[in-house]
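Have a look at the structure below, then the notes.
The values are calculated or read from the model by the stated rules, or taken from the named source; none is laboratory data. Note that this is a predicted model, so its numbers are computed, not measured. In this analysis, Cβ positions are derived from the backbone assuming ideal geometry, glycine residues included, and neighbour counts consider all displayed protein chains.
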Amino acid sequence: MNKIQRIGIVGGGLSGLALASAASKKGYEILLVEKNNVLASEASGNSLRIIHGGLRYFQTLNFERIYHSVKAQEDLLTRYPKYISKLKCTLLLPKNLIIPSYLLTRAYNLTSCLIAGHSNGATIETNLPFELNKRFTHGLSWNDATIIDTNGLVDSIKDEIKGQILLNTQGISFKSKNVLLTNKEELEADIWVLMGGPLCELSSRKEHCYGWNLIFKSDKTCAIGAKSNGRFLFFVSRENQIAAGTWYTKDYPTESQINQAKQEITSLLPELELDKFIKAEVGVLPGITPTEKIEILKHKTHIEVITPKLTTCFHQAQLVLESI
Ligand SMILES: Cc1cc2nc3c(=O)[nH]c(=O)nc-3n(C[C@H](O)[C@H](O)[C@H](O)COP(=O)(O)OP(=O)(O)OC[C@H]3O[C@@H](n4cnc5c(N)ncnc54)[C@H](O)[C@@H]3O)c2cc1C
């Protein structure tokens, strides 16, 4: 294969941007195409914005994923301290918990030492700052991180990219391995990487689901997770808002599904006022339910990347660069 100098990337979400930044650092020239007129306006812009790295993934006992999330969190906090900050999360524990919470805390701290080389410092929280459903009496707290300014983060990553970013490119197809056709022009690169998400016309992943959060006006500052209907629902405060989620549906959420979700929220946090509801933030994800694994698929004309989370977008970029 000829030496690769110019990498073409389809999709200007956080995955495409992270790859463009990582590749620029390695000396590649970038040509990034985005169909919208704003970067990171699809799944990346509608995400709950938690940079996971703590207790959340312990429920799956997927230690490789925990390791990479912890490392990604540390890396992002160091690289973008203006746009990503620590987020104290509290996982609500039910009254009738079988395992005593002090054992849970120790097990978590020990495991995070073994996996990540340090403890993320879980503590038991009894003084919760809001009125809870009576099922929950206390919680387990640890530090995750959150994106506090998505636009700032995007601009900062954009500054690291050496090459060209083209916005508003509609309709794509490959003329050959190196030439991508858009409605406007022919674009050439030594290799093309598809990071357009599941609705991109060239995606081989035909199944997708909608992920959505509900946004409420609120001046509470909290980040909590509670088990509800078999999975964790998170409440994360932003400036004068709380984002709650995430729900997953096969189709774009209907009004009745949103109303049902609002009921689920108030049954967990009765204090949250439903009349302060602002909007639903909706994004599209690969698979019928969200995938857990980064997938790098090699097609005849291009490489395609299936992304599970924004947390590990730079780790994913590294894997893509190693594969080309
Ligand atoms: C509601 C919700 C909550 C979430 N919460 C979290 C969370 O808290 N933490 C976490 O780590 N992850 C979370 N995720 C997952 C995370 O948001 C996604 O995994 C991540 O943002 C995917 O980034 P991406 O760049 O691959 O996709 P996207 O951000 O969707 O970017 C794909 C880009 O490709 C562009 N594109 C598509 N087709 C074309 C084309 N033909 N030509 C040019 N451009 C094209 C799109 O316009 C888009 O900008 C959440 C997702 C959702 C939906």
For the stretch 249-288, give me the residue count where each residue is surrounded by fewer than 13 Cβ atoms within 10 Å (Cβ to Cβ), in contact (Cβ under 8 Å) with a residue 40 or more places away in the chain, closer than 30 Å to Arg205 by Cβ and not basic (Lys, Arg). 3
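Could you name every one of the strands (runs of 3 or more DSSP E) located completely within the stretch 1-101 that has at least 1 residues being under 30 Å from Lys184 (Cβ atoms), of a type in the set (Asp, Glu) and in contact with a helix residue (DSSP H, G or I) (Cβ under 9 Å, 6 or more places away or on another chain)?
The strands (runs of 3 or more DSSP E) meeting that bar are 29-33.
Please determine whether any residue of the stretch 27-39 is under 16 Å from the mean Cα position of the chain (by Cα), within 14 Å of the ligand (Cβ to nearest atom) and not charged (D, E, K, R).
yes
Just to be sure, is Phe234 at pLDDT 90 or above, more than 11 Å from the ligand (Cβ to nearest atom) and crowded, with 16+ Cβ neighbours inside 10 Å? So that I can check it myself, show each step before the final result.
Numbers: at pLDDT 90 or above: yes; more than 11 Å from the ligand (Cβ to nearest atom): no; crowded, with 16+ Cβ neighbours inside 10 Å: yes.
Here the answer is no, as Phe234 does not meet what is asked.
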Which of the residues that make up the stretch 163-176 are loosely packed, with under 14 Cβ neighbours inside 10 Å and not polar (S, T, N, Q)? Leu167, Gly171, Lys175
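Which of the following residues is under 29 Å from Ser203 (Cα atoms) and without any contact (Cβ under 8 Å) to a residue 24 or more places away in the chain: Thr301, Thr291, Thr311? Working first, answer last.
Details: Thr301 fails: without any contact (Cβ under 8 Å) to a residue 24 or more places away in the chain; Thr311 fails: without any contact (Cβ under 8 Å) to a residue 24 or more places away in the chain.
From the options Thr301, Thr291, Thr311, the qualifying one is Thr291.
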Picking from Ser44, Ser85, the residue that is in contact (Cβ under 8 Å) with a residue 12 or more places away in the chain, within 11 Å of the ligand (Cβ to nearest atom) and in contact with a Ser or Thr (Cβ under 8 Å, 6 or more places away or on another chain) would be Ser44
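Can you confirm whether the stretch 216-224 contains a residue that is more than 20 Å from Glu281 (Cα to Cα), modelled with pLDDT under 95 and within 14 Å of the ligand (Cβ to nearest atom)? Walk me through how you get there before you give the answer.
Of all residues in the stretch 216-224, those more than 20 Å from Glu281 (Cα to Cα) come to none.
Scanning the stretch 216-224 turns up no residue that is more than 20 Å from Glu281 (Cα to Cα), modelled with pLDDT under 95 and within 14 Å of the ligand (Cβ to nearest atom).
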Filter the strands (runs of 3 or more DSSP E) completely within the stretch 124-229 down to those with at least 2 residues that are hydrophobic (A, V, I, L, M, F, W, C). 136-147, 163-166, 179-181, 191-194, 208-217, 223-228
Filter the stretch 290-312 down to the residues that are part of a strand (DSSP E or B) and near the ligand (Cβ under 9 Å from one of its atoms) and list them by number. Val305, Ile306
Number of positions in the stretch 61-79 that are hydroxyl-bearing (Ser, Thr, Tyr) and within 14 Å of the ligand (Cβ to nearest atom): 1
Given the conditions (1) in contact (Cβ under 8 Å) with a residue 40 or more places away in the chain; (2) within 26 Å of Leu297 (Cβ to Cβ); (3) of a type outside the set (D, E, K, R), and given that Ser173 satisfies all but one, which numbered condition is not satisfied? (1)
Criterion first (buried (at least 16 other Cβ atoms within 10 Å of the Cβ), within 14 Å of the ligand (Cβ to nearest atom), of a type outside the set (Phe, Trp, Tyr) and free of Cβ contacts under 8 Å to residues at least 24 places away in the same chain) does Ser203 satisfy it? no
